[in-house]
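The values are calculated or read from the model by the stated rules, or taken from the named source; none is laboratory data. Note that the structure is a prediction, hence the values are computed from the model and not measured. A quick note on method: Cβ atoms are made from the backbone with ideal geometry, for glycine too, and the neighbour counts reach across all protein chains shown. Side chains are part of the model used for accessible areas, which takes the heavy atoms of the whole protein and leaves out ligands, DNA and RNA. Shrake-Rupley method; radii C 1.70, N 1.55, O 1.52, S 1.80 Å.
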Amino acid sequence: MSRQRLFVIVALPLILPLSLSACAGPPGDDSSITVFAAASLRAPFTEVAEGYEAQNPGTTVVFSFAGSSDLATQLLEGAPADVFASADTRSMAALTEAFPFRGEPVVFATNSLEIAVPPGNPTAITSFADLADDGVRSVVCAERVPCGTATAALEEVVGVTLSPVSEESSVTDVLGKVSSGEADAGVVYATDVQAAAGAVEGIIVPEAGEVINAYPIAVLADSANEDAASKFAAYVLSTAGQAVLEAAGFGAP
Amino acid sequence: MATPSLAGLPRWVLVVALLGALLVVLPLAAMVSRVDWANFFSLVSSESSVAALLLSLRTSAVATVLCVLFGVPMALTLARAAFRGQKLLRSLVLLPLVLPPVVGGLALLYTFGRRGLLGGTLDLLGIEIAFSTTAVVLAQTFVAVPFLVLSLEGALRTVGTRYEAVAATLGARPTTVLRRVTLPLVLPSLVSGSILSFARALGEFGATLTFAGSLQGSTRTLPLEIYLQRETDPDAAVALSLVLVIVAVIVVGLAHRSGTAGERRSAEL
Amino acid sequence: MTLQLDATVPARGFGMSLTVETGETLAVLGPNGAGKSTLLAVIAGLLRPDSGKSTLDGEVLFEVAPRTRSTFIQPAARGVSLLAQDPLLFPHLSVLENVAFGPRSAGVRRAQARAHARRWLEEVEAPELAHRMPTELSGGQAQRVAVARALASNPSLLLLDEPMAALDVSVAPALRRMLRRVLRDQTVIIVTHDILDAFTLADRVVVLDAGSIVEQGPTHEVLERPRSRFTADLAGLNILSGVRTANGIRTFAGNEITRAAPGIALHTSIVAAVRPSAVRVSLAQPANFHVAALPGIILDVEPHGGLVRVRAEEFAADITPALAAELDLAPGNCVWFAFDATDVTVYPYQPSTIIERGRSAQAKRIP
């Protein structure tokens, strides 16, 4: 084997991330706030930020969207942020033990589970119980991630035990498996069905109201721009903010 | 070399080299420093961890066999045959090296998925690939095969065709030449290429996640398990990562050793 | 039962036809680029000719002609074994397994193939090397093993490509003697640029230049009585071509050499050969009547053995360094080359064998 070629193969992945990460740091501008938000909030929060910026000229909102537990880990490791909006109370709770907030986290939205099926619903799923049928390939979140915890709770409420073909580590992966037609059905959040915009069809589960996932928001104690951060949290809870979230399929707190 | 010598190298080269080495070694050291040694064994021996490790080893082994099975003829064709579009074919074959794994996963999905290019045909044949261990092996083979092709093609070019010509004039048919002359001559590179392929298969994550899904015992390999563990139990994730690093270090060490043996041999030729 | 070859490879300026009888050793002489290696590659099947036909013991090796279906037998199926300058022993096999490779490839059982290999190792006087690896052999030993390996495959035709060229001068004679013994009953083509190989091993010689045969015939006939300048150079002789006159020879350059030439008819073409060591060099025209003398302009002066070779366009002389220094010879000088008539060998230009100069393979094509 040519040593040089091997070197290039080994060295490339090391060099590339360097050049990329060099441009990803948040701007240290006083008039900007950094919001760590759950990935499911990407669309509504982007819209919320536009409204907030219009109301508070000169202040810009910088987002970092990722899985809630990812964001919690990053905050614990010292990532600089002003606001944290989590998709579950667990990630928020994990953080509050070691991490001071300004005041208590406040729930600003809820989300409930729905069944997602490929367009046209090829296996004619009508109820949650149908997911347990032989020959239906269902995909859910792994129990260790929030959406999986919620799915397990829903299984208990409905009284059906699923045997999924895959337990994905994020709701996006569940959605991907359904929209590509690999799976016949998946259990995701109502907002995901809404956001998928036709790539999947949603089937409402009546019992889903009993397994509500709460979205808490909190301002971090060491925020460099506490005033702007608090205003952002308040805007999310305001009528304008809530209207955007509702349009995206979220439930009221 | 009996004594290490730094003679003849500009000092700045050494400084930059040291920085580069730190870039690689420091994160590993940082990870090791986070390992919860007191509970290390119980963390890595949980049912899900063991299942993931065994699945990883099993699928990577099968993927390596597939890499050899397909990679050897591919390397031979690229090194020995001359045809139109050869350069293009080589670039295409090596593409998975530079492709983001998720892209690879999508590509596989569109090929072998239920609605993919071959999905209907496979369905008719009664073969289901989605969410099966086969899908994991396919994803691993897809990303690992270029390593074998690359190292073997280089070795074949270095060895040249003279021995093969002699063997042919001694009455050896092409298959005999391949079995008794060509392959033994490039054996060290074949071994090191296979080990590298195995290592790459072991580390495969993105394509598996996108294409095969994640279910304990059938598709959730060690990297996927680590990714999932991280959500709830970072200590277990770190411990498992260390296991993966140790396996990778052993594998790379083996590859390096057989690689140097190969170089020694080609120097003797 | 022979090798018949008729082939062209225009890209390499190669075109010739030749025949090798069963049990005969044919030496192919010529400078680098004369087409020697191309000839071997075409016969071995490593190179596909653009046109022509070849048969070995009646079996077609290849037949290529425009607008007809070509036949091309793969190297492995030709019964032609090739031994190159570099022994190319398989580095991963022991000496014994190397020699047994041919029989094994032909489907002979392992034990039997090894016994056969041992016999051939004894034949090349190297039985004690059987269990060594190729890296543990000297150049001469490796070449002996390579000879055994080539012969053990029981080829109908053995091709040797300068087998002694890469060897130390001290081991070449022993190998040459061994080759003379083992090649006695084989059909062999040996490519060489050393006329000693030709004299020792070959029954017949062909001389190549620029992809064509310049001269061919029995070894002694060709090398001791060269007709072409080219062969004369190889054989280390000066030749002068001319016409038989009453006194001797009038060369084409117009010089007279007085020399009896019994049995050669008047006014026929004739060749006179003189060894360079029998030629003297002087600055002035020699007065001696019995000495033949030719003028020439020196092209170069270089050491040759213990002597100095003085070369002109048509002629060369080997003189002592002392004389060369005394005459202050340098390229461009005009000198006289002189030799005694008794040192001249004369023979008719038309040899007993036919000269095939650049005969094109196309002219012979079978319709």
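Data overview
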quantity: Cα-based convex hull volume of region A:113-210 per residue, rounded to whole Å³; calculated: 80 Å³
quantity: GNM top mover of B:GLY119, B:GLY171, B:GLY217 - chain B, alpha-carbon springs below 10 Å; calculated: B:GLY171
quantity: Cα centroid of region C:100-139 to Cα centroid of region B:149-190, whole Å; calculated: 20 Å
quantity: Accessible area that becomes buried as C packs against B, both chains, 1.4 Å probe, Å², nearest 100; calculated: 1900 Å²
quantity: Using a Förster distance of 51 Å, the FRET efficiency for B:LEU89-A:GLU226 (Cβ separation, nearest 0.05); calculated: 0.25
quantity: Per residue accessible area in Å² of chain C, where ligands, DNA and RNA are left out and the probe is 1.4 Å; calculated: 46 Å²
quantity: Carbon + sulfur, % of accessible area of chain B - ligands and nucleic acids excluded, 1.4 Å; calculated: 70 percent
quantity: Bins of 10 Å from zero: percent of alpha-carbon pairs in chain A; calculated: 7, 28, 29, 21, 12, 3, 0
quantity: Values of log10 I(q)/I(0), in the order q = 0.06, 0.08, 0.10 Å⁻¹, for the protein assembly as shown under a Debye, Cα-only, solvent-free model; calculated: -0.66, -0.88, -1.14
quantity: Mean ellipticity per residue at 222 nm, deg cm²/dmol - from DSSP H runs of n ≥ 4 across the protein assembly as shown, formula -39500 (n - 2.57); calculated: -13500 deg cm²/dmol
quantity: Length gained when the stretch B:LEU125-B:ARG257 is fully extended (0.36 nm per residue, less Cα-Cα span); calculated: 43.2 nm
quantity: Estimated FRET transfer efficiency (C:ALA325, C:VAL171; beta-carbon r; R0 60 Å; 0.05); calculated: 0.95
quantity: Value of relative contact order over chain B, rounded to a whole percent, pairs C-alpha under 8 Å and six or more apart; calculated: 29 percent
quantity: Residues of region A:113-210: accessible area per residue with a 1.4 Å probe, Å²; calculated: 37 Å²
quantity: Distance in nm between pseudo-label sites at A:VAL107 and B:ARG80 (7 Å out along the Cβ direction from Cα); calculated: 7.0 nm
quantity: Label-point gap, in nm, between A:ALA199 and B:PHE41 - each point 7 angstrom along Cα→Cβ; calculated: 4.7 nm
quantity: Lys/Arg +1, Asp/Glu -1 at C-beta; region B:39-268 dipole; positive extreme among B:ALA51, B:ILE195, B:TYR163; calculated: B:TYR163
quantity: Spin-label proximity, B:ASP235 to region B:29-43 - amide N less than 18 Å from point 7 Å beyond Cα toward beta carbon; calculated: B:31-43
quantity: Alpha-carbon Rg with Dmax, taken over chain C, Å; calculated: 24.1, 77
quantity: Part-to-part distance (alpha-carbon centres) for region C:257-334 and region C:1-51, which is given in Å; calculated: 36 Å
quantity: GNM flexibility winner over chain B from B:SER33, B:SER48, B:SER60 (Cα, springs under 10 Å); calculated: B:SER33
quantity: For region B:39-268, the spread of Cα positions along each principal axis, largest first, Å; calculated: 65, 44, 27
quantity: Extended-chain gain in nm, criterion 0.36 nm per residue less alpha-carbon gap, C:THR22 and C:ASN288; calculated: 90.5 nm
quantity: For q = 0.10 Å⁻¹, Debye-computed log10 I/I(0) when each Cα of region C:229-348 counts as one equal scatterer; calculated: -0.29
quantity: Modelled FRET efficiency - R0 41 Å, C:ALA260 with C:LEU307, Cβ distances, 0.05 increments; calculated: 0.90
quantity: Stretch gain in nm, segment C:TRP336-C:GLN4, where the contour uses 0.36 nm per residue and the Cα spacing is subtracted; calculated: 114.8 nm
quantity: Candidates C:LEU179, C:LEU39, C:LEU299, ranked by Gaussian network fluctuation over chain C, Cα under 10 Å, top entry; calculated: C:LEU299
